[in-house]
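Bear in mind these aren't lab numbers, they're just calculated from the coordinates by the rules spelled out. Everything numeric in this text was worked out from a predicted model, so none of it was measured. Heads up, the Cβs are rebuilt from the backbone with ideal geometry, glycines too, and the neighbour counts pull from every protein chain shown.
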Amino acid sequence: MQRPNAAQLTYGSATVVLTTVALLLLSGTTTTLGIVVICAAGLLLGALVAVTMPGRERPVNTLANEEIRVPAQRVGAGAETRIGS
């Protein structure tokens with residue numbers, strides 16, 4: 001499984017917060033067990049939203065797939081090449 005991207009994390013987090021707040025307000029529960037169940041439901045729904053959201057279309061490039069390029073040395077740009085300095 002790939003790492004989640006920023007959109008997946010954002011939508012999952014927003015779902016957790018909004019779902020938990022909405023369920024707590026709508027249910028009106030004041031018991032500890034009720035609050036724990038609602039928080040767990042919000043976490044599960046947020047994780048479900050983050051996992052089912054489409055991910056990246058292409059893999060991220062890493063240095064293992066590419067050659068390391070070293071820039072060529074510049075000739076004639078240093079003070080040692082000037083005449084009459």
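For the residue pair THR52 and LEU25, what label-to-label distance in nm results when each label sits 7 Å from Cα along the Cα-to-beta-carbon direction?
In this crude label model, THR52 to LEU25 measures out at 2.4 nm.
Taking R0 as 25 Å, what FRET efficiency do you get between ALA41 and LEU9 from their Cβ-Cβ distance, rounded to the nearest 0.05?
Taking R0 as 25 Å, the efficiency between ALA41 and LEU9 is 0.80.
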